[in-house]
Structure formats: C-alpha cells, structure tokens
Amino acid sequence: MEKENIKQDLWEKYSYISALAGLTTLFRGTVGDIRDTPGGLDWFRRAFTETAEVIRHAGGQLADDLVDRYMKGIPDMLPDSTSSMHRDMQKGLPTEHDMHGYLVELAHDHGVQAPLLEVIFQNLEIYENKRR
C-alpha cells in the first residue's frame with residue numbers, strides 16, 4: 001500500500017515509541033503498572049502531549065487527534081506490555097537513549113518546555129553511565 005505522507009507516519013511512530021519507552025523506563029514498570037495507579041493515565045497523556053508538541057514545533061507533521069488516539073489505546077493494552085528499551089534496562093543492556101536525547105535537543109532548539117522529556121532523558125543518561 002502506498003502511503004501519502006510517510007514523514008507523518010514516521011514522526012507519529014517515533015512519538016509513540018518515545019513516549020511509551022520513556023515512561024516504562026522512567027517508572028521501571030509495565031504499561032499496567034503505570035496505567036493502573038492513581039494518575040497513571042495522566043502520565044501517558046503528558047508524555048504523548050509533550051512529545052507531540054516538541055515534534056510539531058520542530059516542523060514534524062502529526063495528526064491533530066494523535067494524542068487522543070494514543071490515549072484510547074492505553075486502557076486496552078495488556079497489563080504486562082512494555083517497551084524493548086525497558087526490557088533492555090532490566091537486562092542491563094545498552095538502550096537507545098539517544099531517541100530521547102534528540103527530543104530534548106529539538107525542544108531546546110525550538111524553545112519548547114519539555115520537563116518530562118528532560119527527566120526521562122536524565123534517567124536514561126544515569127542508567128547508561130552506571131552501566132558502562
């Protein structure tokens with residue numbers, strides 16, 4: 001199938017993976033661990049929203065309803081769903097933490113406040129420094 005806007009598809013996939021990996025590594029837990037706590041869904045919305053805001057300010061195209069679409073899927077995810085980055089951390093392996101470093105860099109370059117992304121990246125940097 002031919003895609004009309006492959007760049008948008010890539011930005012959207014990047015935003016989803018970054019937000020999900022960021023939260024599961026920050027909280028060292030599964031989707032269910034995060035989601036099923038008081039305020040857990042708010043953390044997902046914050047991560048999706050902040051990531052989308054950075055990407056949009058950097059010129060990336062994203063669907064207007066992207067965050068709402070992602071949020072609709074979180075309640076249906078299996079409780080033990082997690083990210084490959086979280087699984088790598090559990091095993092003491094290197095992570096792809098640069099995906100978050102790039103988001104933080106974009107935020108700084110475009111004057112976007114991204115405190116959650118900065119905390120996520122700092123967490124990953126600390127992990128990587130200890131792992132080395």
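The values are calculated or read from the model by the stated rules, or taken from the named source; none is laboratory data. Computed from a predicted structure; not experimentally measured. Note: ideal-geometry Cβ built from the backbone for every residue, glycine included; neighbour counts use all protein chains shown. The area values use the complete protein model at the heavy-atom level, side chains included, leaving out ligands, DNA and RNA. Shrake-Rupley method; radii C 1.70, N 1.55, O 1.52, S 1.80 Å.
Looking only at segment 124-132, decide whether some residue is surrounded by 15 or more Cβ atoms within 10 Å (Cβ to Cβ), closer than 14 Å to PHE27 by Cα and either within 14 Å of the chain's Cα centre (by Cα) or not aromatic (Phe, Trp, Tyr) (or both).
Taking every residue of segment 124-132 in turn, at least one turns out to be surrounded by 15 or more Cβ atoms within 10 Å (Cβ to Cβ), closer than 14 Å to PHE27 by Cα and either within 14 Å of the chain's Cα centre (by Cα) or not aromatic (Phe, Trp, Tyr) (or both).
Every residue in segment 81-103 that is aliphatic (A, V, I, L, M) and open to solvent by less than 20 Å² (accessible area, probe 1.4 Å), please.
Listed by number, the residues that qualify are MET85, MET89, LEU103.
LEU93: outside any helix (DSSP H, G or I), in contact (Cβ under 8 Å) with a residue 40 or more places away in the chain and not polar (S, T, N, Q), yes or no? I'd like the intermediate steps shown before the answer.
Working: outside any helix (DSSP H, G or I): yes; in contact (Cβ under 8 Å) with a residue 40 or more places away in the chain: no; not polar (S, T, N, Q): yes.
No; evaluated as a whole, the condition is false for this residue.
Might you check whether a residue that is closer than 16 Å to VAL119 by Cα and of a type outside the set (A, V, I, L, M, F, W, C) occurs anywhere in segment 57-66? Steps first, answer last, please.
In the first step, residues of segment 57-66 are kept if they are closer than 16 Å to VAL119 by Cα; the result is none.
No, that holds for no residue.
Yes or no: VAL112 outside any helix (DSSP H, G or I), touching a residue at least 40 places away in the same chain (Cβ under 8 Å) and surrounded by fewer than 19 Cβ atoms within 10 Å (Cβ to Cβ)? Reasoning before the result, please.
Working: outside any helix (DSSP H, G or I): yes; touching a residue at least 40 places away in the same chain (Cβ under 8 Å): yes; surrounded by fewer than 19 Cβ atoms within 10 Å (Cβ to Cβ): yes.
Answer is yes for this residue.
Please give the number of the condition THR82 fails out of (1) in a loop (DSSP other than H, G, I, E, B); (2) over 12 Å from the mean Cα position of the chain (by Cα); (3) under 15 Å from SER18 (Cβ atoms).
(2)
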